[in-house]
Each structure stands twice: as C-alpha cells, then as structure tokens.
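Peer 1: Can you keep this structure in mind? I'll have questions shortly.
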Amino acid sequence: MAALGGRFALLMRVSGNWDALAKLEARLPAVGDELGLALTQQRTRPTRPEKPLIPYTVEVAALDQPGIVNSLANFFARLHINIEALDTETYPAPHTGAPMFAVHMTLGIPADAHIATLRGDFLDYCDDRTSTRPSSRFAFKRLESCGPGPFDALIRARDDAQ
C-alpha cells in the first residue's frame, strides 16, 4: 500500500482455484461501490524464468534529480537483468536539507552471471554518475533473507563453486 496525494493505492496478487477466483471477480465491482473504492482487476499468468535466478538487492541514495530510476532500469535491462521489486523515497539531507532520493531494488540475476564483473560494472556506472555528487551512496549485495525456496539451493551451490 502507498499513500498518494491524500489517497492510497494497493496492489495485490491473488491466487486460487478457478471457482474461487471467478466468485471474487464477480463480487469485486459491488465491493468497490460499497467501500467507495475504484477497483481494477486483471488476470495474469505465472512467469517462469528462462534461467535460474539469484536475488540481489541494489540500494542507491543520491541527490534527487530526474531520471535516476530510468537510468538504473536501463543499466540492468541492457544486461538482461530483471527488476523484481522497486521502492523509492525522497527525503531532506540531514544537515543541509538538500533533496535526496533513495531507491531499493530486488533483482533476479541469472545464476551463470559473473557477479564480481557485474558488481564492478555497476560501481563503474555509479562512479560515472557521482563525479560531481560526492554525497551519493550505492550498494550492491546478495539478498540473504529470501527464506526457504528455490533460491537457497542456488545460493549455497554458487557459494560452494566460488
């Protein structure tokens, strides 16, 4: 959920058997009217990555300026790396009050990617954009708290191989 100009937005993914989903879809317009909400629904299909993926997080904090998210998205798209989740926020810098921007992304990086090279390319990318902004901060790290699931075996296998 996010607050947007005195309103809020909520994005949900619902799964279930076809009968339960059909009932939910039929009931949503009445629920929206009853609660005074604008509801939009769309059916989706599960996605399956072509290759096994390892979750990594990227955190960026820099002086706020147009195009930061677009630039980051283009960098990872050129490398065929999917952005699985993205959150942003703006805030005043602690001492100066300058407008700051922070982005937190979860990426799905192909398991066969050379992480040291990718991390180096990312740091070079960041350096190219911070030569006049020494207050910028960047981090690129593996997401360790993904819980039990398919990523765990990949992380352990990758760690054993390196």
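The values are calculated or read from the model by the stated rules, or taken from the named source; none is laboratory data. Computed from a predicted structure; not experimentally measured. For neighbour counting, all protein chains shown are included, and Cβ atoms are generated from backbone atoms with ideal geometry for every residue, glycine included.
Peer 1: With the structure loaded, tell me whether residue 69 is within 30 Å of residue 7 (Cβ to Cβ) and assigned by TED's automatic domain parsing to the domain that holds residue 13 or whether it fails that test.
Peer 2: no
Peer 1: For the range 47-91, give me each residue that is of a type in the set (A, V, I, L, M) and assigned to a loop (DSSP other than H, G, I, E, B). Write out each step before concluding.
Peer 2: Taking the range 47-91 as the starting set, the residues that turn out to be of a type in the set (A, V, I, L, M) are 53-54, 58, 60-63, 68-69, 72-73, 77, 79, 81, 83, 85-86.
Of everything in the range 47-91, those that are of a type in the set (A, V, I, L, M) and assigned to a loop (DSSP other than H, G, I, E, B) turn out to be 79, 81.
Peer 1: Among the residues of the range 5-37, how many are in contact with a Leu (Cβ under 6 Å, 6 or more places away or on another chain) and in contact (Cβ under 8 Å) with a residue 12 or more places away in the chain?
Peer 2: Counting residues in the range 5-37 that are in contact with a Leu (Cβ under 6 Å, 6 or more places away or on another chain) and in contact (Cβ under 8 Å) with a residue 12 or more places away in the chain gives 1.
Peer 1: In addition: Among the residues of the range 31-56, which ones are among the aliphatic types (A, V, I, L, M) and surrounded by 10 or more Cβ atoms within 10 Å (Cβ to Cβ)?
Peer 2: Listed by number, the residues that qualify are 31, 37, 39, 53, 54.
Peer 1: Mind listing whichever residues of the range 38-88 are touching a residue at least 40 places away in the same chain (Cβ under 8 Å) and out of contact with any helix residue (DSSP H, G or I) (no Cβ under 9 Å at 6 or more places or on another chain)?
Peer 2: Scanning the range 38-88 gives 49, 51, 57, 59, 61, 63.
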